[in-house]
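The values are calculated or read from the model by the stated rules, or taken from the named source; none is laboratory data. Remember, it's a predicted structure, so these values are computed and weren't measured experimentally. Glycine gets a Cβ as well: all are built from the backbone with ideal geometry, and neighbour counts include every protein chain shown.
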Amino acid sequence: MINKQSIWLLTLFSLILVLSVYYITMPSEFLANTTNEVSKKDEETVKVKQSEVISTLKVENEEEREEKITELQTILTSETSTSEEKNNAYEELKTLNILKGKEEEISAKITEQYNVENFVKINNDQIRVVIIKDKHDTKLANEIMNLVQESFDTKMYISVKFQK
C-alpha cells in the first residue's frame, strides 16, 4: 500500500519535473525575442561597414591559410607519408589554428579598446596590423604595438600600418 510520504515525494518530483521542462523551453522563446530586438536596435544605431581593404586582406589571408591546411591534410591522409612527416603536419595544423585564434583575439582587443577597423596577421615572430583611419597617429600606433606585445611572452616584431 502507498503511504502519505510516497505520495508527497511523487507529487513533489512531478512538480519539479514540470517546472524544469517549462524552464528549459521558456528561455529559448524569450531569448529569441530579446535577440531580435537587440539586433534591430544595433542595426539602427550603429551601421558599421567593413572597409574593402580589410575585407580583401581577410579573404587573402583565409585563402592562404586554407591552401596550407589542405596541403597539410593531404600529408596527414597520405599512405606514403612517414610518421615523422605526419607528426610535423599535425603540429603545424595545431599552430595554424592557434595563430588564427590569436589573430582574432588581438583584433577584437584593438577594436574594443580603440574602436577602429583592423586586420592582424601573425607570421612567425612578425605581426602586421593594418588600421583603417584617415590620419596617421603615432601615439595610437605605439599604444596598439604595446597592446599586441602584451599578448606574447617573447619579443615580437610588430608593424602598424594606417590605410584610408
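Observations on the model:
- Verdict on Ile144 being surrounded by 13 or more Cβ atoms within 10 Å (Cβ to Cβ), of a type in the set (Val, Ile, Thr), within 18 Å of the chain's Cα centre (by Cα) and not in a strand (DSSP E or B): no
- Candidate set from segment 146-164 (those that are of a type in the set (A, V, I, L, M, F, W, C) and closer than 23 Å to Thr56 by Cα); member that is modelled with the lowest pLDDT: Phe162
- Selection of segment 89-122 for residues being farther than 28 Å from Asn146 by Cβ and touching a Leu at 6+ places or on another chain (Cβ under 9 Å) yields Ala89, Tyr90, Glu92, Leu93.
- Scanning segment 147-156 for residues that are assigned to a loop (DSSP other than H, G, I, E, B) and either touching a Cys at 6+ places or on another chain (Cβ under 9 Å) or surrounded by 15 or more Cβ atoms within 10 Å (Cβ to Cβ) (or both) returns a single hit, Met156.
- Close pairs (9 angstrom Cβ cut-off, 6 or more residues apart or separate chains): loosely packed, with under 15 Cβ neighbours inside 10 Å in segment 107-121, among the polar types (S, T, N, Q) anywhere: Thr111/Asn118
- Screening Val53, Val18, Val38 for residues that are of a type in the set (A, V, I, L, M), within 27 Å of Glu143 (Cβ to Cβ), out of contact with any Asp or Glu (no Cβ under 8 Å at 6 or more places or on another chain) and at pLDDT below 90 leaves exactly one candidate, Val53.
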